[in-house]
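A quick write-up on the structure given underneath.
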Amino acid sequence: MKNVIYFACKSWIRLGLFFYFKKTKILGTENIPSHKSIVFVGNHQNALLDSLSVAVNCRRSPYFMSRSDIFRKGFLQFFLNAIRLIPVYRIRDGIGKITGNYEVFKKTAVLLQKGNSIVIFPEGNHSLKRRVRPLSKGFTRILFAALEENPDLDIWLVPVGVNYVNAIHFTDKVFLHFGKAIPVQEYYNASDKHSSTVKIKEAVSSSLKTLTTHIEDTANYDAIERYLNGIDVNYLEPQEVNKKLQNISMEMVLDSKQLKTKHSFLNKTLDFIFVVANFPMVFVWRKVLKPKVMEKELRSTVRFLFSLIFFPVFYVFLFLICCIWLEAEFAFYIIFGYIFLNLMYVKLR
């Protein structure tokens, strides 16, 4: 029964992401080993959307880990459990809860021994900054726990660069770049776990820095990002962006100006039609939910989950209203046209 719920949720989320993102670009799936225990390790910009995007596009049926505070009672907790999300506890959740991570490590070790796959974001938290931040060692503990139980276990790490044009904007584009798989056995030394940890973290970090835009200079980060935006780089081509980063000077960066967002007549028209056609949904999002989302990194996730759950309800309600005056067949055509209109807004906007 759990598998049925999982695959139903996965299909639902896949469809939801298709309607949510203007474009989804996938590269490197041939780097994912078949019939192996795999840990997908990615950079973390966009909260739960990172996990969902990787999970539905990695050609596996992975479990994935996320901060424990998003687990609530009721439907949300049921939903997160159904999609194989495992809570991870942080210091800010309370010292007493940190010990719960030992059970998490044991559970994930068992999953890997059974040939499952897991999605982890080893930076430890999300950030909108376009850079690979220092990796925590928590994911190596999961690897080592599995290898302690089975020293011959063949575990592979698959780095995933998760790239957005504008992570908090709607509509947006996403690019998932799966890098060359890393065999854990080549870096693991049971008698020197500290050295093993350092080597594995370095290998993953180095790979991620080629799979996503990486601005190394933290002191001048804002100026550099402003420069990149000013020359209108394509963040769906991180390798090209990183090449530009290697060839810029601070004089060029400091002289750059903020790129002004251009709103074409077509975009303004599409926005107007979308808002009018979906006014109840837009109103609830803008006036009720959005003001309550304090972290910008969570905005897209909350918007997506809201749309995933309530837009189908909205369509059913409209269908029933139409059925009051029209035959069910014509009401169906109207709602189908309504859905198509919203899809065209996402893809053309």
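The values are calculated or read from the model by the stated rules, or taken from the named source; none is laboratory data. Please read all numbers here as calculations on a predicted model, not as lab measurements. Ideal geometry is used to build each Cβ from the backbone, glycine not excepted, and the neighbour counts take in all protein chains shown. Calculation scope for accessible area: heavy atoms of the full protein, side chains included, ligands and nucleic acids excluded. Shrake-Rupley method; radii C 1.70, N 1.55, O 1.52, S 1.80 Å.
Tabulated data for the structure shown
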item: Selection from the range 17-60 of residues that are in a strand (DSSP E or B), of a type in the set (S, T, N, Q) and under 19 Å from residue 130 (Cβ atoms); result: 24
item: Criterion violated by residue 267 - all others in (1) in contact (Cβ under 8 Å) with a residue 60 or more places away in the chain; (2) touching a helix residue (DSSP H, G or I) at 6+ places or on another chain (Cβ under 7 Å) satisfied; result: (2)
item: Scan of the range 293-349 for residues that are β-branched (Val, Ile, Thr) and either open to solvent by 80 Å² or more (accessible area, probe 1.4 Å) or not in a helix (DSSP H, G or I) (or both), ordered by number; result: 293, 313, 316, 324
item: Every pair of residues 6+ apart whose Cβ atoms lie under 6 Å, when the first sits in the range 170-188 and is open to solvent by 10 Å² or more (accessible area, probe 1.4 Å) while the second is basic (Lys, Arg); result: 171/22; 171/349; 173/22; 173/23; 187/199
item: Residues being in a loop (DSSP other than H, G, I, E, B), under 21 Å from residue 134 (Cα atoms) and without any contact (Cβ under 8 Å) to a residue 60 or more places away in the chain - total across the range 193-242; result: 3
item: Yes/no for residue 251 being part of a helix (DSSP H, G or I), out of contact with any Phe, Trp or Tyr (no Cβ under 7 Å at 6 or more places or on another chain) and surrounded by 13 or more Cβ atoms within 10 Å (Cβ to Cβ); result: no
item: Test result for residue 270, in contact with a Phe, Trp or Tyr (Cβ under 6 Å, 6 or more places away or on another chain), assigned to a helix (DSSP H, G or I) and among the aliphatic types (A, V, I, L, M); result: yes
item: Any hit, the range 282-299, residues being touching a residue at least 24 places away in the same chain (Cβ under 8 Å), under 25 Å from residue 11 (Cβ atoms) and in contact with a Gly (Cβ under 9 Å, 6 or more places away or on another chain); result: no
item: Residue satisfying condition, being touching an Asp or Glu at 6+ places or on another chain (Cβ under 6 Å), among the aliphatic types (A, V, I, L, M) and open to solvent by less than 10 Å² (accessible area, probe 1.4 Å), within set 158, 162, 241; result: 162
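Listed here are the residues, each with its yes/no results for (1) hydroxyl-bearing (Ser, Thr, Tyr); (2) touching a Pro at 6+ places or on another chain (Cβ under 9 Å); (3) surrounded by 23 or more Cβ atoms within 10 Å (Cβ to Cβ).
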| position | (1), (2), (3) |
| --- | --- |
| 29 | yes, no, no |
| 32 | no, no, no |
| 40 | no, yes, yes |
| 49 | no, no, yes |
| 53 | yes, no, yes |
